Amino acid sequence: MTAVPTIALNDGTEIPQLGFGVWQVPADDAADVVAEALKVGYRHIDTAAVYGNEEGVGRAIANSGIPREELYVTTKLWVGDFKAGRTKEALRTSLQKLGLDYVDLYLIHWPSPADEAYLDAWKAMEELQAEGLTRSIGVSNFLPEHLDRVLEAGTIVPAINQVEIHPALQQRSIQEADEKHGIKTQAWSPLAQGAVFEDEPVVAAAQAHGVSPAQAVIRWHLQRGRILFPKSVTPERIASNFDVFGFELSEAELSAIDSLERDGRSGPNPAEFNPS
């Protein structure tokens, strides 16, 4: 089985650089989809409370026979829970659904910055880590100004900042802020939902190495040092997205893909998104 590289985090733990995401995977399908990913070789699974599929993820893990210590499981705290003061309760609920005693990484899903309730949530996250219910804590969709507020209010530096990153939206200011503080950047929607697959640098890199555009983009992320978790419900794509360790892009190919930045955001702007 292919050994996925690991990335060292600032709290002394390590995370597999390539994972599997389950956003938009229906609850009834999650167990089968995650089982397929685990069969292919993924050991890093990324879910969230708001996805509504933690129970399916948990069933796949329970049925896999894979030792818990060989798996890396991430879930996320939804805005409505932390604004209601339910940060600790929310993680315990997620653990129950997942059938786990702890998760490897717990993230604040969005800052929802209108009232800065995420700062109290972060303090509760620090306590959850101290209690052993999550090995690492981090944030998702945090802009540099949100990170600064967390660093002022808390005592622990987030291990991860998970944000939308792909060739058309590289969020360089966020990546620079993360690096400055020793936070690792993790990319969601790393394939831009296919929006960059026909761009010339991606096509050229894929053709040069005899791989798919998706594989070329995944390789670009890996070689640029980011953690990522592409998603698919198709067995063939689940497998091909994992088959990215037999080739390497040149620096010229990487730079050409870097040039595709065009502020191509597909998700909400974290500065303006204030869900309930």
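Hey, among the residues in region 169-226 that are among the acidic types (D, E) and more than 14 Å from G264 (Cβ to Cβ), which one's surrounded by the most Cβ atoms within 10 Å (Cβ to Cβ)? If you could, list the steps in order and put the result at the bottom.
At the first step, the residues of region 169-226 found to be among the acidic types (D, E) are 176, 178-179, 198-200.
From the residues that got through so far, the ones that are more than 14 Å from G264 (Cβ to Cβ) too are 176, 178-179, 200.
Details: E176: 12, D178: 23, E179: 12, E200: 10.
In this case the residue turns out to be D178.
Does any residue of region 31-53 turn out to be under 24 Å from P270 (Cα atoms), in contact with a His (Cβ under 9 Å, 6 or more places away or on another chain), modelled with pLDDT of 95 or more and among the aromatic types (F, W, Y)?
From region 31-53, those under 24 Å from P270 (Cα atoms) are 45-53; that's our starting set.
Those still in the list that are in contact with a His (Cβ under 9 Å, 6 or more places away or on another chain) too: 48-50.
In the following step, the residues that additionally are modelled with pLDDT of 95 or more were identified as 48-50.
Filter once more, so that each one left must be among the aromatic types (F, W, Y): none.
No: region 31-53 contains no residue that is under 24 Å from P270 (Cα atoms), in contact with a His (Cβ under 9 Å, 6 or more places away or on another chain), modelled with pLDDT of 95 or more and among the aromatic types (F, W, Y).
If I filter region 45-72 down to residues being touching a Leu at 6+ places or on another chain (Cβ under 7 Å) and farther than 19 Å from T93 by Cα, which single residue comes out as surrounded by the fewest Cβ atoms within 10 Å (Cβ to Cβ)?
I66
Within the group A177, A216, which residue is of a type in the set (A, V, I, L, M), within 26 Å of D11 (Cα to Cα) and touching a helix residue (DSSP H, G or I) at 6+ places or on another chain (Cβ under 6 Å)?
Working: A216 fails: within 26 Å of D11 (Cα to Cα).
Selected residue: A177, the only one of A177, A216 that is of a type in the set (A, V, I, L, M), within 26 Å of D11 (Cα to Cα) and touching a helix residue (DSSP H, G or I) at 6+ places or on another chain (Cβ under 6 Å).
Within region 206-224, can one find any residue that is part of a loop (DSSP other than H, G, I, E, B) and in contact with a Ser or Thr (Cβ under 7 Å, 6 or more places away or on another chain)?
In the first step, residues of region 206-224 are kept if they are part of a loop (DSSP other than H, G, I, E, B); the result is 210-212, 224.
Narrowing the set further to residues that are in contact with a Ser or Thr (Cβ under 7 Å, 6 or more places away or on another chain) leaves 212.
Taking every residue of region 206-224 in turn, at least one turns out to be part of a loop (DSSP other than H, G, I, E, B) and in contact with a Ser or Thr (Cβ under 7 Å, 6 or more places away or on another chain).
For Q186, which of the numbered conditions (1) out of contact with any helix residue (DSSP H, G or I) (no Cβ under 9 Å at 6 or more places or on another chain); (2) in contact (Cβ under 8 Å) with a residue 40 or more places away in the chain; (3) not in a strand (DSSP E or B) fails to hold?
In the conditions (1) out of contact with any helix residue (DSSP H, G or I) (no Cβ under 9 Å at 6 or more places or on another chain); (2) in contact (Cβ under 8 Å) with a residue 40 or more places away in the chain; (3) not in a strand (DSSP E or B), Q186 misses (3) alone.
Which of (1) at pLDDT 95 or above; (2) surrounded by fewer than 20 Cβ atoms within 10 Å (Cβ to Cβ); (3) at negative phi does S232 not meet, given it meets every other one?
All conditions pass for S232, except number (1).
Among the candidates T93, T75, T47, single out the residue that is more than 20 Å from N141 (Cα to Cα) and β-branched (V, I, T). Quick ask: steps written out before the conclusion?
Details: T75 fails: more than 20 Å from N141 (Cα to Cα); T47 fails: more than 20 Å from N141 (Cα to Cα).
So the residue among T93, T75, T47 that is more than 20 Å from N141 (Cα to Cα) and β-branched (V, I, T) is T93.
Rundown of residues vs (1) buried (at least 17 other Cβ atoms within 10 Å of the Cβ); (2) farther than 20 Å from K180 by Cβ; (3) touching a His at 6+ places or on another chain (Cβ under 8 Å); (4) not hydroxyl-bearing (S, T, Y), yes/no style:
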{"position": "A124", "(1), (2), (3), (4)": "yes, yes, no, yes"}
{"position": "L128", "(1), (2), (3), (4)": "yes, yes, no, yes"}
{"position": "R135", "(1), (2), (3), (4)": "yes, yes, no, yes"}
{"position": "G138", "(1), (2), (3), (4)": "yes, no, no, yes"}
{"position": "L143", "(1), (2), (3), (4)": "yes, no, no, yes"}
{"position": "L147", "(1), (2), (3), (4)": "yes, no, yes, yes"}
{"position": "G154", "(1), (2), (3), (4)": "no, no, no, yes"}
{"position": "I160", "(1), (2), (3), (4)": "yes, no, no, yes"}
{"position": "I165", "(1), (2), (3), (4)": "yes, no, yes, yes"}
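Restricting the search to region 218-268, which residues are of a type in the set (F, W, Y) and without any contact (Cβ under 8 Å) to a residue 60 or more places away in the chain? Working first, answer last.
Initially, region 218-268 is screened for residues of a type in the set (F, W, Y), giving 220, 229, 242, 245, 247.
Residues satisfying the conditions are W220, F247.
Here are some residues: T93, T75. Which one is at pLDDT 95 or above, surrounded by 14 or more Cβ atoms within 10 Å (Cβ to Cβ) and in a strand (DSSP E or B)?
From the options T93, T75, the qualifying one is T75.
Any residue at all in region 196-203 that is in contact with a Pro (Cβ under 7 Å, 6 or more places away or on another chain), part of a loop (DSSP other than H, G, I, E, B) and aromatic (F, W, Y)?
yes
The values are calculated or read from the model by the stated rules, or taken from the named source; none is laboratory data. What you see is a predicted model, and the numbers here were worked out from it, not measured in a lab. Heads up, the Cβs are rebuilt from the backbone with ideal geometry, glycines too, and the neighbour counts pull from every protein chain shown.
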